[in-house]
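The values are calculated or read from the model by the stated rules, or taken from the named source; none is laboratory data. All values derive from a computational prediction rather than experimental measurement. Cβ atoms come from the backbone with ideal geometry, glycine included; neighbour counts cover every protein chain shown. Each accessible area value is taken on the protein alone, full model and side chains, heavy atoms only, with ligands, DNA and RNA left out. Shrake-Rupley method; radii C 1.70, N 1.55, O 1.52, S 1.80 Å.
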Amino acid sequence: MKAFFEEFKKFIARGNVMDLAVGVMIGGAFNAITTSLINDVIMPLLGIFTGSISFAALSLTVNGAIIAYGNFIQAVLNFLVMAFVVFCLVKSINKFYHKKPEAPPAPPEPSAEEILLAEIRDFLKEQAHG
């Protein structure tokens, strides 16, 4: 039983699990923000053009069954806004992480000792071939 809890502790402490947990919490908060944006800003603006403040009120009754297609429209708008915002975030994060590679630094100038050694090497090559 102790080994089970030790394994669980290692699993929870792994970076990916913690990143996922933070992502889920931020995603929940982000969902509240986007829902508010849809319900409190976008829907009233669309209501000006459609004559209805909320799509949620749109429904159709067929043989006593209520088809609330307005809720579906609202859910699709929520998804589209959320997808657009996530796309913009991912695009900006990718720009940040994928900067153009810098040119490698120029090699340093050879020291006087290295120049002298190269001259000696070249002289010895000439003597050997010459």
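Once the Cα atoms are used to define both axes, helix 69-97 deviates from the longest principal axis of the chain by about 10 degrees. Applying the criteria of a DSSP loop state and at most 12 other Cβ atoms within 10 Å to the trypsin sites (Lys or Arg not before Pro) of the stretch 1-81 yields R14.
A Förster radius of 41 Å, combined with the Cβ-Cβ distance separating N39 from D19, puts the computed FRET efficiency at roughly 0.85. Does anyone have the angle between helix 15-37 and the longest principal axis of the chain? Alpha-carbon axes, 0 to 90°, nearest 10? Here the helix axis deviates by roughly 40 degrees. Listed values (1) 20.5; (2) 8.8; (3) 23.8 include one computed from this model; for mean projected area of the Cα convex hull in nm² that value carries the label (3).
Qualifying GluC sites (Glu not before Pro) in the stretch 47-130, where qualification requires a DSSP coil assignment and no more than 14 other C-beta atoms within 10 Å, comprise E102. Available extension along the chain between F79 and K9 is 21.6 nm, counting 0.36 nm per residue and deducting the alpha carbon span. Taking amide hydrogens as placed 1.01 Å from N in the peptide plane, the amide H of A68 sits under 5 Å from those of L60, each at least 5 positions away in sequence or on another chain. Under a GNM of the chain (C-alpha, springs under 10 Å), which listed residue has the highest mean-square fluctuation: V86, V76, V22? In the Gaussian network model the winner is V22. Of the solvent-accessible surface of the chain, computed with a 1.4 Å probe and all protein chains present, 70% belongs to carbon and sulfur. Note that the chain presents 87 Å² accessible area per residue, ligands and nucleic acids not counted, probe 1.4 Å.
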